[in-house]
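Read the structure below first, then the notes.
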Amino acid sequence: MTSPEPQPPAPQPAEPEFKDRVYRSAPAIAGGVLLLAITGWLGIDAVISGEGRTPWLALAVMLLVVPLVVAFTLRPAVYAGDDRLRIRNPFRLVVVPWGQVASLRSSYSNEVLTESGAKYQLWAVPVSLRARKKAARRETRATAQARREMGRDEGRGSALGMRAGLDAALGGDSASEGPARAETDRIMDELRELREARHQAESARGEVTVRWAYEVLAPAVAGAVLVLILVVVG
C-alpha cells in the first residue's frame, strides 16, 4: 500500500497592490478631543453634583452633543483607493468609483463632482485661506531670493543661478518639490493625479453609493428629543 503523494500548498491570495491613502484634518481631531473632554467634565460634574432634573438634563445634553462633536471633528475622513474614493462626512458615507469622478474642485471648499452632476464636499480636507496666503508669501520670497542668487552668480549662467536660488530659498531640490502649496491643495493635487491614472480603469467602474450615518443620527435625535421633553416638562 503506497502512501498518498503530498499535495502542494494552496496559493496565498495576492496582496493588494495599492493601499488606501487616508486623509484627515489634524486640527479638527485635536479640537474634537478637547471638546469631548470639556463636555465629559461638565456633564459628569452635573450628573454627580446636580439636583432635581439637572442630572437627567445633563445626560440628555451629552447624548445630543457627543455624537455631533464626533460627527464634525473625529469622523470625517477621505479614503483614496485604487478603484474608488470613499468620503466619510459627518452624516453620510459616499463611495465614488474613480470612473464616476468628473473632477475635483477647490474654491472655498474642496468638492468632488460626479459624471451625473452630483457634488460632495470633502469635510476631511478643509480649505485654509490662511495656509494658501502663507504658501503664496513663501513662494514670493523664494522667487525674490532666487533672482538675487542669480544676479550674484552670473558666472555660472542664469538658469543655473535661478535653480540654485530656488534650492536655497525652499530649502531643498526645487525641481522635485515644486512651487510652495498649502497642505490641502497638495492633497487635492494627489487626488487629481490618482483620478487621472484610474479614471479609465475597468475595475474603477460602478455606481455612486450614499449611506446615511444612522449610528450618529440616532443618538443625536434621541438626545434632542429628551432635552425637549425635559425642558417642556420643566
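Some notes on this structure:
- ³J(HN,Hα) computed for each position of segment 189-196 - Karplus, 6.51 cos²θ - 1.76 cosθ + 1.60, integer Hz, glycine/proline x: 4, 5, 5, 5, 5, 5, 5, 5
- Under 5 Å from the amide H of residue 92 lie the amide H atoms of 213, each residue being 5 or more positions distant or on a separate chain, with H modelled from the backbone and absent for Pro and chain starts.
- Three-way shape label, segment 184-226, alpha-carbon gyration tensor, a/c 1.5: oblate
- Cα centroid separation, segment 20-48 to segment 93-119 (Å): 29 Å
Readers should treat all values here as calculations from the given coordinates under stated rules, not as data from a laboratory. Please read all numbers here as calculations on a predicted model, not as lab measurements.
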